[in-house]
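A short write-up of the structure that comes next.
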Amino acid sequence: MFELIPKTFYYDFVARRHLWASISWAAWGISLALYFFVGPRWSIDFTGGTEVQVHFGKPTTIEEVRSALVPVGVGDDAIQQLGEAEDQRFLFRTQGESSARPEDVKAVEDALGTAFGAGWLTGFTVDEQVGARATATYSGDQVPFPRIEAALAGVPGVSVQASTDDNTFYVRLPGLAESIHSALTAALGDRDLEIERTDSVGPRVGSNLRWAGILSLSLSLLLLLVYIGVRFDFTFAPGAIVCLFHDTVVLVGIWIVTQQEFGLAMVSALLTLLGYSINDTIVVYDRIRENLEKYRKADLHRLINDSINQTLSRTIVTSGGTILSMVPFLIWGGPVLFQFAEAMIIGIIVGTYSSIYVAAPIVIALRENAAFFSRLFGGKGPAVAPSGGPPAPKP
């Protein structure tokens, strides 16, 4: 029967644990420094803003697109070309701003003042949670809704929505997406323009989503800590948790260096990778625990090294299979799935490494210093396999 890793193969992982531990600590520290001093590149999911993706059916250059959007006030750095030049696709992105333009707000207020009097409108607030929608309140008697619609009929791109509250209605304002579409149609209307995708998130919603993402990651780590603490003893649980923190921090550092955009896709990738990493670590831990029970007098270093080698074939097959399943998304998945697949591939490599060179060596350190930790926490430490006993048999 074919075996990916021959039974005769044997590599001394434990002997090089100090070198790799130093590399891991360095990567961890650099990643933390990058997070606090450089910071992630947040997407509009977390900052709020507007994204519009357009496609032209005829040849169009990015210089022509930038010229067409000068009246809208979209900066050159907010316009980028997607794919190859012949694809004729462009992405427009602004962050942290309301999608309602001040001039549109003023036009609505002026129209309502002209129709019902200067003091009629008592409030006109743009709700940042829903983008370019304003809540309007007025004084006096209830005004029939058709009269309000008629008063705003002359304002381009504005629609009115009724409210269940007295003396209140909603005004849908033309947002940035509509402004971009109008400007491109006016300047490049003969290029078969098509709006392929429009996303708009209010700044308050973006901030809430960012904290929700951080909270979901924190709760996941906490629940995994509880699970490992119940399933394994004192000498195993810390290694698994340190492994998860290591993977999360190093992955974030890599994404900051490569200027990946942090959005909901990245949170999904991180949560998926936490589950994958803990599963891979548990496979190694289970084999270590089995061998500790079978060979109680074996040399600890040799026993753990044997356990890693015994699970190496399974680890490579599982990691390799998962990476291969991400390749189609990487090639044909488009911008969003490409980012997710890229994050998954990097995370799988980091998670596989940490199961071998982070989680397992911590078990050695804790078991060799069990007496110290027992005195420190005032409890009875776990039994330590004596070093120098007969080695566990090779796999």
All positions within the stretch 22-60 that are in contact (Cβ under 8 Å) with a residue 12 or more places away in the chain and hydroxyl-bearing (Ser, Thr, Tyr): Ser24, Ser31, Tyr35, Ser43, Thr47, Thr50, Thr60
Pairs with Cβ under 7 Å, 6+ apart, first in the stretch 147-173 and farther than 18 Å from Lys106 by Cα, second among the aromatic types (Phe, Trp, Tyr): Gln161/Phe169; Gln161/Tyr170; Ala162/Phe145; Ala162/Phe169; Ser163/Phe169; Ser163/Tyr170; Asn167/Tyr138
Members of the stretch 225-267 that are farther than 17 Å from Leu32 by Cβ, free of Cβ contacts under 8 Å to residues at least 60 places away in the same chain and crowded, with 19+ Cβ neighbours inside 10 Å: Ile228, Phe232, Ala237, Val267
Among (1) modelled with pLDDT under 80; (2) in contact with a Leu (Cβ under 8 Å, 6 or more places away or on another chain); (3) in the same structural domain as Phe56 (by TED's automatic domain parsing) - the single one Gly157 does not satisfy: (3)
Single condition Ile62 does not satisfy, out of (1) touching a strand residue (DSSP E or B) at 6+ places or on another chain (Cβ under 9 Å); (2) in the same structural domain as Val284 (by TED's automatic domain parsing); (3) among the β-branched types (Val, Ile, Thr): (2)
Test: residue in the stretch 88-102 that is on the phi < 0 side of the Ramachandran plot, modelled with pLDDT under 85 and in contact with a Lys or Arg (Cβ under 6 Å, 6 or more places away or on another chain): no
Options Ser354, Ser313; residue that is touching a His at 6+ places or on another chain (Cβ under 7 Å), of a type in the set (Ser, Thr, Tyr) and either touching a residue at least 60 places away in the same chain (Cβ under 8 Å) or surrounded by fewer than 22 Cβ atoms within 10 Å (Cβ to Cβ) (or both): Ser354
Yes/no for Asp280 being surrounded by 20 or more Cβ atoms within 10 Å (Cβ to Cβ) and among the charged types (D, E, K, R): yes
Single condition Gly320 does not satisfy, out of (1) at pLDDT 85 or above; (2) touching a Lys or Arg at 6+ places or on another chain (Cβ under 8 Å); (3) not β-branched (Val, Ile, Thr): (2)
Top-ranked residue in the stretch 155-186 [being surrounded by 17 or more Cβ atoms within 10 Å (Cβ to Cβ) and small (Gly, Ala, Ser); ranked as farthest from Gly48 (Cα to Cα)]: Ala183
Answer residue from the stretch 325-344, given it is in a helix (DSSP H, G or I) and small (Gly, Ala, Ser) and is modelled with the highest pLDDT among those: Ser325
Residue under evaluation Ser325, criteria (1) of a type in the set (Ser, Thr, Tyr); (2) within 28 Å of Val38 (Cα to Cα); (3) without any contact (Cβ under 8 Å) to a residue 12 or more places away in the chain, criterion not met: (2)
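The values are calculated or read from the model by the stated rules, or taken from the named source; none is laboratory data. Just so it is clear, the structure is predicted and the values come from calculations on it, not from any experiment. Counting neighbours? That spans all protein chains shown, and the Cβs are built from the backbone with ideal geometry, glycine included.
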